[in-house]
1. Using the 10 angstrom Cβ neighbour count as an exposure proxy, how do PHE137, PHE38 rank, fewest first?
2. Note the angle between two axes, namely the Cα long axis of helix 299-318 and the longest principal axis of the Cα atoms of the chain, as a number of degrees from 0 to 90, rounded to the nearest 10.
3. Counting helices only, and only those DSSP H runs with n ≥ 4, report the 222 nm mean residue ellipticity of the chain as the sum of -39,500 (n - 2.57) divided by its residues, in deg cm²/dmol to the nearest 500.
4. Expressed as a whole percent, how much of the Cα-Cα distance distribution for the stretch 340-391 exceeds 17 Å?
5. Return a whole-number percent for the relative contact order of the chain, with Cα pairs under 8 Å and 6 or more residues apart as the contact set.
6. Taking other Cβ within 10 Å of each residue's Cβ, how do ILE304, ILE239, ILE148 sort, fewest first?
7. Consider a paramagnetic label point 7 Å from the Cα of ASP358 along Cα→Cβ; state which residues of the stretch 187-206 have an amide N under 15 Å from it.
8. Angle between the Cα long axis of helix 323-350 and the longest principal axis of the chain, 0 to 90 degrees, nearest 10?
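Here, each number is a calculation from the coordinates, and none is a lab measurement. These numbers come from a predicted model, not from an experiment. Cβ sites come from the backbone with ideal geometry, for glycine too, and all protein chains shown count toward neighbours.
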Amino acid sequence: MKTRVAIIGAGPAGLLLSHLLEREGIESIIVEAQSSDFVLGRFRAGLLEAASVDVLDEAGLSERLHRDGLEHRGVYVQWPGTKRAVDFVERGGRPVWVYGQSELTRDLSDARFAAGQQMYYNVSDVALHDVDSSAPFLTGVDATGRSIRIDADVIVGCDGFAGVSRDSLAQSLRAVYERRYPHSWLGFFADVPPSSDQIIFAWHPEGFAMHTMRSASISRFHLQVDPHDHISAWSDDRIWETTARRLGSGDNDWTLHTGPITEKSILPLRCRITTPMRHARLFLAGDAAHVVPPTGAKGLNLAIADVTLLARALGAWKRGDESLANAYSDSALRRVWRAAEFSWSWSSALHTTGDPFDDQLQLAQLDWLTSSPTGGAGLAEKFSGVPIAFG
Ligand code: RFL
């Protein structure tokens, strides 16, 4: 098979890229290791920056988001005895949208199927070849066990954190920046209406807790846990008791709604950034190039920003101008590092270390961010995001 752009991975980055490329008049083929049902069933992110929503609006992909998503002007930040609303709009930012990644992936996938996109699911043993030549290609084994080969002008690795494309960046060029955090997140979904009209970020001496939502009947929670904890040590009763304590259920007439827990898992917090995001005819986008801790809710938004930059760059290249493609890695990484900084500083302000001195520093930081106009404006901008800068 031959195409202009071979895309590895049918997560949000790969699906959106193929959609945006089509609008640039560029054909692509997607290969995905998993089944379509598996990809659509994966729960993950849930918060979209205004700039991401702008991209989806412009691409004609946001009808369901505007119908079923929840627009939020801000968040609550709290610690024992104090609860403050940070209104992003009042502080110069823009609203964010709560919309499950699985819903967005479904919208993207439906749009690709409707457009007749060539997509191959259940492809194993994907390997990249000759990415530093002008005739790169990839090989794999399709769902029926047949070997496939796709020749392309460029290959884009949208294959997430566990993907293979990153390894095709020349070792001599590659730099990897990594920080492992000394805590993990226990995340769980519950079939229970949200107990709050906005997302709650709670500092508590025992550890961070977060309450967010997916719909009027599904709530999402995260708890800071020890990195050595195993999910089997967390019964549903223990989870609810800990969540209620850390979120201050019963304080000031606020009560946590509890109910059936439908999914729970433990995720280590880490930041890992691979540079550059382009080498010759290979481009990386989304989690294939970078993962950041979910505290700042930036991962999905970075994936959307990357492919927006890349589609524009490949469109210009097709018309004879390679400058945006040459600038892609630097442009994307500028946004990535800003998101990494926010994810780091926001995580550091909220996750307790067990050191009473750190506790006081964190509380001073949270007090400043939520009461000072300067601190609040910075938090609003970092949370709600800035427009995607091209070039
Ligand atoms: P994905 O979604 O991982 O998709 C990559 C796809 O590539 C496929 N693949 C391969 N295909 C072919 N051959 C191979 N060898 C392959 N290897 C892998 C995979 O099967 C998969 O389908 O990456 P993508 O598209 O870059 O999208 C990134 C986002 O999924 C990720 O950044 C977010 O989920 C991160 N994230 C959050 N981001 C936000 O913006 N806001 C949030 O609130 C937020 N919360 C979260 C999160 C991530 C979490 N976890 C579990 C990592 C909360 C959590 C708990």
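1. Numbers: PHE137 19, PHE38 12.
Starting with the residue having the fewest Cβ neighbours, the order is PHE38, PHE137.
2. For helix 299-318, the angle is close to 20 degrees.
3. When only DSSP H runs of four or more count, the value is -11000 deg cm²/dmol.
4. 44
5. Numbers: 804 pairs, mean separation 83.1, N = 391.
This gives 21 percent for the chain.
6. ILE148, ILE239, ILE304
7. Taking a point 7 Å out along Cα→Cβ of ASP358, the residues of the stretch 187-206 whose backbone N falls under 15 Å are 203-206.
8. Once rounded, the angle reads 20 degrees.
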